[in-house]
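The values are calculated or read from the model by the stated rules, or taken from the named source; none is laboratory data. In this text, all values refer to a predicted model and were calculated from it rather than measured experimentally. Don't worry about glycine lacking a Cβ; one is built from the backbone with ideal geometry, like all the others, and counts go over all protein chains shown.
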Amino acid sequence: MIRGNLTDDMRALVSLIDGVKSVSDLAALGLDMRLLIQLIEQDIVVLVPGKMTDHKLKAPTEKWTVISPHSDDAALSIGGTLAELDQSIEISLLTMIGPSRCAGTCAPLYGDIKTITQIRTAEDDLYGEFIGGKVECANIPDVEMYVDTNGSHWAERIMEKPDDFRLKQYVSGLNKYFEKHTPDVILAPLAVGAHSDHAATHLALWSLLPQLLKKAPTTRVLFYEDLPYCQYDQPALVKRLSDFNNLKPVTFKIDATQKARGISIYRSQYVPADIAWDVLEYAEKLSAQEGVYAERLWELSDTCFK
């Protein structure tokens, strides 16, 4: 990821950056802020503004649960919408995958499950700070690591439909979560693109919806368009939507800069420039206006499961 060499002073500064310290914290340590600027220019460090909390606001009046197959999926797919939510909405982010060996920008770390999982968890926690939400994890191992009872390694089959064992893991993870939470709004992947972890998340939630809606019949359920899959494969989105007859589109205008900032948190997976353009190009396409960006979700009609 590093463009150019780091001086010893730069390395000293980098060693203090943990996703928690603010610029003021670093300045208080007497560090040269010019070094920080150089690190930002080299795309090694990203400044991420957290949400401002207004203590005069009333307590949240609505609870939203966002279900994300992997740690970065919510940011990629609906990060603009989440960044726009105000303090009246309590956000809870449930990431299904925990243990992972994949870090796209850190090839030497590939296979180091402990380190990569720690990094991805830290990124998720920082993203929670960014959107002003609480983050939980179902702690299911990445399908890329899954070996089934027949000894088949799913690293070569990640785009196949999940088997019964994987589905049971997802159902169990969601059940444990919903035993503690009764959200007013649930946002989950539409499962476009056939990635096994996305499909498992969607199928597991779908199997639980009858009992969830029986318990809380006013709950709204919306499915978000999985990015970057929808950008790369529009026919897959059209085909996926044909599986339903009870969805209606809901479009949110977003701040593209805020979405890009959220995406930039997941540095173990990509350098922002590698993926932000595809995501934002799709957002502009949805709005059908140059310079205007949007995200689209698909809400279940109120006739579902009756």
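Residues that are closer than 18 Å to Lys63 by Cβ, buried (at least 19 other Cβ atoms within 10 Å of the Cβ) and β-branched (Val, Ile, Thr) within the stretch 195-224 comprise just one, Val221. Using beta carbons and a limit of 7 Å, which pairs, at least six apart or on different chains, have the first residue in the stretch 220-233 and aromatic (Phe, Trp, Tyr) and the second one in a strand (DSSP E or B)? Close Cβ pairs satisfying both conditions: Phe223/Ala188; Phe223/Pro189; Phe223/Leu297; Phe223/Trp298; Tyr224/Leu187; Tyr224/Pro189; Tyr224/Leu297. Whenever a residue of the stretch 179-204 is farther than 19 Å from Phe244 by Cα, its partners that are aliphatic (A, V, I, L, M) and part of a helix (DSSP H, G or I), lying with C-beta atoms within less than 6 angstrom and at least six residues away or across chains, give the pairs Ser196/Val143; Asp197/Val143. Among the residues of this structure, Ser71 does not count as one that is over 11 Å from the mean Cα position of the chain (by Cα), within 13 Å of Tyr266 (Cβ to Cβ) and either not in a strand (DSSP E or B) or not assigned by TED's automatic domain parsing to the domain that holds Thr219 (or both). Is it fair to say Gly262 is in a helix (DSSP H, G or I), at pLDDT below 95 and assigned by TED's automatic domain parsing to the domain that holds His70? Yes, satisfied.
Is it the case that Leu82 is at pLDDT 95 or above and either surrounded by fewer than 19 Cβ atoms within 10 Å (Cβ to Cβ) or farther than 20 Å from Val143 by Cα (or both)? So Leu82 passes the test.
Pairs meeting the criteria (first residue in the stretch 259-284 and of a type in the set (Lys, Arg), second residue surrounded by fewer than 17 Cβ atoms within 10 Å (Cβ to Cβ), beta carbons under 8 Å, at least 6 apart or on different chains) are Arg261/Val46; Arg261/Val48; Arg261/Pro49; Arg267/Met1; Arg267/Val46; Arg267/Thr105.
A quick yes/no check of all residues on (1) more than 30 Å from Leu208 (Cα to Cα); (2) in a strand (DSSP E or B):
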{"residue": "Gln231", "(1), (2)": "no, no"}
{"residue": "Thr251", "(1), (2)": "no, yes"}
{"residue": "Arg267", "(1), (2)": "yes, no"}
{"residue": "Trp277", "(1), (2)": "yes, no"}
{"residue": "Lys285", "(1), (2)": "yes, no"}
{"residue": "Glu290", "(1), (2)": "yes, no"}
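Screening Gln87 against (1) over 18 Å from the mean Cα position of the chain (by Cα); (2) surrounded by fewer than 16 Cβ atoms within 10 Å (Cβ to Cβ); (3) of a type outside the set (Phe, Trp, Tyr) leaves a single unmet condition, (2). The residue that is surrounded by the fewest Cβ atoms within 10 Å (Cβ to Cβ), counting only those in the stretch 90-148 that are among the aromatic types (Phe, Trp, Tyr) and in a helix (DSSP H, G or I), is Phe130. What do you reckon, is Ala294 small (Gly, Ala, Ser), at pLDDT below 95, outside any loop (DSSP other than H, G, I, E, B) and farther than 21 Å from Leu203 by Cβ? Taking the combined requirement at face value, the residue does not satisfy it.
If you go through the stretch 85-97 and keep only what is under 18 Å from Val143 (Cβ atoms) and either among the hydroxyl-bearing types (Ser, Thr, Tyr) or outside the structural domain of Leu212 (by TED's automatic domain parsing) (or both), you end up with just Thr95.
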